[in-house]
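The values are calculated or read from the model by the stated rules, or taken from the named source; none is laboratory data. All values reported here derive from a predicted model rather than from experimental measurement. Every residue, glycine among them, receives a Cβ derived from its backbone with ideal geometry; neighbour counts consider all protein chains shown.
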Amino acid sequence: MRCAGAIPLLGSRPGEIDPTEEALLQAHLATCDSCRARLADVEALGVIVRDGLMVEAARRDLAGLADGVMARIPASAWRGERPGALGRARAFLRHHRVLAAASALAPALAALALYLYIDRGSGAGPAGLSVEVTSEDLAAIVLDTSDGPIILVGEGANGT
Amino acid sequence: MALPDLELVERARGGDPEAFRELVVRHQRRVYAVALGIVRDRDLAWDVSQEAFVRMHQHLAEFREDAAFSAWLRRITARIAIDVLRRERPSRRQEVEDVPEPELREAAPGVLSTALGTDPQQTVLRRELSGKLGEALDRLPEVHRAVLVLRELDGLSYEELAERLSIPKGTVMSRLFHARKKMQALLAGYAGIDAPGREGAP
């Protein structure tokens, strides 16, 4: 590869150009002082562009920008939500997908518990069975029976 | 202690306006820098920045947590800035082949990097060149400026640049080459370091 072929490739990142071209470029750079100097210029320019744009941006007072953004977002976007609490719960569940899946079963388990409770009241359920549904942490569901507690799902239960 | 971006994103998704405002304040400088780098107009860059944050709010639910939030936001910004250029200044768009550069003298290889060097005293020159950057960018055609800013400030790959600018990868490389060549010549000229210091290509 000669300089004319190498120059347009200077500044490319690994994997951005054809592997054969990349190998030829590296071989050329190993022997060409001028192209090594050109590559150094490309890198220096990158530094100046990044620095310079941040310097330019710093010259403007951006104090009112956030207010302008907030004014453009309809208030309804913030209503109907409890700021913080619900968001934190969603974040927790998003980061703990097993718990989230388990918590999705909670309504079904509650319905089962209610069914069993009503069933017992009618006298059709197991004699002497005391059923209570509780929830520990966000998802651990425990059935307390006369035979002892039974953990159905959840990671946060303490093993009772 | 400042909350991480992802925590603020989650809170903003949950309807917390203060968390959203904190995200705006935290990222507004860099967002404005990307916008200004592309549109080269302070008021337009302000509008682009605001629009970027409004769209960020609209699309928060789509943000995937395995991506870098700041990069995601800057890409929204760049997309808006490019759309603004296409919409508002079509008459000023120029293709590479149309760019006149009679007054530019090519900088000698290595002159910029050598001038910057690693000597602490040369950081003065680096600051001086950074201060002149805007002036140099103003003299670049928009098609060159956008590709250079997106590459250097936003870190986009050739493929991403091609997709973002709707041009072939070869055109991306060509525009980057021309943009860098002009910027090096302009900056070297501003700093008075454009005298050839090395021999040309073999």
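Could you tell me which residue of segment B:6-22 is modelled with the highest pLDDT, considering only residues that are surrounded by 20 or more Cβ atoms within 10 Å (Cβ to Cβ) and of a type outside the set (Gly, Ala, Ser)?
Among them, the one singled out is B:PHE20.
Scan segment B:24-48 for residues that are within 7 Å of chain A (Cβ to nearest Cβ) and either more than 25 Å from the chain's Cα centre (by Cα) or among the aliphatic types (A, V, I, L, M) (or both) and jot them down.
Scanning segment B:24-48 gives B:VAL24, B:VAL25, B:ALA33, B:LEU36.
I'd like the full set of residues that are surrounded by 18 or more Cβ atoms within 10 Å (Cβ to Cβ) and in a helix (DSSP H, G or I), limited to segment A:1-27.
A:ALA6, A:ILE7, A:LEU9, A:LEU25, listed by residue number.
Restricting attention to segment B:1-23, which residues are more than 15 Å from B:PHE63 (Cβ to Cβ) and either facing chain A (nearest Cβ under 7 Å) or in contact with a Gly (Cβ under 9 Å, 6 or more places away or on another chain) (or both)?
First, pick out the residues of segment B:1-23 that are more than 15 Å from B:PHE63 (Cβ to Cβ): B:1-3, B:15-18, B:21-22.
Across segment B:1-23, the qualifying residues are B:GLY15, B:ASP16, B:PRO17, B:GLU18, B:ARG21.
Just need a number here: residues in segment B:136-173 that are among the β-branched types (Val, Ile, Thr), in contact (Cβ under 8 Å) with a residue 60 or more places away in the chain and crowded, with 20+ Cβ neighbours inside 10 Å. Walk me through how you get there before you give the answer.
Keep residues of segment B:136-173 that are among the β-branched types (Val, Ile, Thr), which gives B:143, B:147, B:149, B:167, B:171-172.
Next cut, in contact (Cβ under 8 Å) with a residue 60 or more places away in the chain only: B:149, B:171.
Next, only the ones that are crowded, with 20+ Cβ neighbours inside 10 Å stay: B:149.
Residues flagged as among the β-branched types (Val, Ile, Thr), in contact (Cβ under 8 Å) with a residue 60 or more places away in the chain and crowded, with 20+ Cβ neighbours inside 10 Å within segment B:136-173 amount to 1.
Being at pLDDT below 95, outside the structural domain of B:LEU148 (by TED's automatic domain parsing), surrounded by 15 or more Cβ atoms within 10 Å (Cβ to Cβ) and assigned to a helix (DSSP H, G or I) narrows it down to one of B:ALA81, B:ALA61, so name that one. I'd like the intermediate steps shown before the answer.
Numbers: B:ALA61 fails: surrounded by 15 or more Cβ atoms within 10 Å (Cβ to Cβ).
None of the other options fit; the residue is B:ALA81.
What do you reckon, is A:GLY87 over 30 Å from B:VAL149 (Cα atoms), at pLDDT below 60 and surrounded by 17 or more Cβ atoms within 10 Å (Cβ to Cβ)? Let's see the steps before the verdict.
On the way: over 30 Å from B:VAL149 (Cα atoms): yes; at pLDDT below 60: yes; surrounded by 17 or more Cβ atoms within 10 Å (Cβ to Cβ): yes.
Answer is yes for this residue.
If you check B:ALA45, B:ALA71, which single one turns out to be exposed (fewer than 15 other Cβ atoms within 10 Å of the Cβ) and not in a loop (DSSP other than H, G, I, E, B)? Can you show your working first?
Values: B:ALA45 fails: exposed (fewer than 15 other Cβ atoms within 10 Å of the Cβ).
Going through B:ALA45, B:ALA71 in turn, the sole match is B:ALA71.
Among the residues of segment A:1-29, write down those that are touching a residue at least 24 places away in the same chain (Cβ under 8 Å) and away from chain B (no Cβ under 11 Å). Working first, answer last.
Let us first name the residues in segment A:1-29 that are touching a residue at least 24 places away in the same chain (Cβ under 8 Å), namely A:1-3, A:6-7, A:10-11, A:25, A:27-28.
Correct list: A:MET1, A:LEU25, A:ALA27.
Which condition number in (1) at the interface with chain A (Cβ under 8 Å from one of its Cβ atoms); (2) in contact (Cβ under 8 Å) with a residue 12 or more places away in the chain; (3) more than 14 Å from the chain's Cα centre (by Cα) is the one that B:GLY131 fails?
(2)
Here are some residues: B:ARG139, B:ARG145, B:ARG180. Which one is closer than 24 Å to B:THR77 by Cα, within 7 Å of another protein chain (Cβ to nearest Cβ) and at pLDDT 85 or above? Talk me through it step by step, then tell me what you get.
On the way: B:ARG139 fails: within 7 Å of another protein chain (Cβ to nearest Cβ); B:ARG145 fails: within 7 Å of another protein chain (Cβ to nearest Cβ).
Step by step, each of B:ARG139, B:ARG145, B:ARG180 is checked, and only B:ARG180 is closer than 24 Å to B:THR77 by Cα, within 7 Å of another protein chain (Cβ to nearest Cβ) and at pLDDT 85 or above.
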